[in-house]
1. Taking the alpha-carbon centroid of each part, what is the distance from region 93-163 to region 1-57 in angstrom?
2. Out of 90, 47, 107, any idea which swings most in a Gaussian network model of the chain, alpha carbons joined below 10 Å?
3. So which of 23/139; 87/120; 22/89 end up more than 20 Å apart, counting from Cα to Cα?
4. Using a ≥ b ≥ c from the Cα gyration tensor of region 79-118 (square roots of the eigenvalues), is it rounded, prolate or oblate, where a/c under 1.5 gives rounded and otherwise the larger of a/b and b/c decides, a/b for prolate?
5. Given 0.36 nm per residue, what is the gain on full extension from residue 161 to residue 65 after removing their alpha carbon distance, in nm?
6. Rounded to the nearest 500 deg cm²/dmol, what is the calculated helix-only ellipticity per residue at 222 nm for the chain, with -39500 (n - 2.57) per DSSP H run of length n ≥ 4?
7. Pop a pseudo-label 7 angstrom from the Cα along the beta-carbon direction at both residue 130 and residue 34 and give the gap in nm to one decimal.
8. Could you give the dipole magnitude of the chain about its Cα centre, charging the beta-carbon of Lys and Arg +1 and that of Asp and Glu -1, in debye to the nearest 20?
Amino acid sequence: MTSAAAPVVVFVSYAHEGDLQKKRVTELVEDLRANGIDARFDRNVNGTPPQGWPRWMEQQIAEAAYVLVICTDTYLRRYEQRELPGKGKGAIWEGSIIRQELYDSAGQNKKFAALLFDEKDEAHRPQPLKQHTHYIYPKARLELLRWLTNQPAYIPKPLGRVPVLPPDP
């Protein structure tokens, strides 16, 4: 009997900013989970996690193979710590953890990707993520699934043999 590989864990970092955003993020998480990806976010936690929100967020990002950063003006403002005092502490905290992980890896990023629900939000990607591929969902859904499941769109054929060529006369 063969055992299936453990599902890829993905954490979704986003700013709480209204019903439309909540709906979009929930649909994204449900879509990923329906496709065998262990997508996680804060909406499935009842009350406060036993370890508290800061530690819970740290654990989610540490355990995730990938983190999708849902980029909006509000998220960027919180990521850059330009938010009004007392507002958006979760996105601010997650942004700090993400920033530190990118700093520790000297910018070698294989874990974090910007995800946008609207092309107008391209300007709202955090600076360290601007040099990396981003996904506009659902338009780039297939590309996102390929990245998260390590299934490239093209797999090259094996190399052939080098021909032995006759010398010129």
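1. Cα centroid to Cα centroid, the span is 18 Å.
2. Ranking 90, 47, 107 by mean-square fluctuation puts 47 first.
3. 87/120
4. oblate
5. 30.8 nm
6. About -11000 deg cm²/dmol.
7. That separation, rounded to one decimal, is 3.6 nm.
8. 60
Every number here is computed from the coordinates shown, using simple stated rules; none is lab data. Everything numeric in this text was worked out from a predicted model, so none of it was measured. No Cβ is skipped: glycine too gets one built from the backbone with ideal geometry, and neighbour counts run over all protein chains shown.
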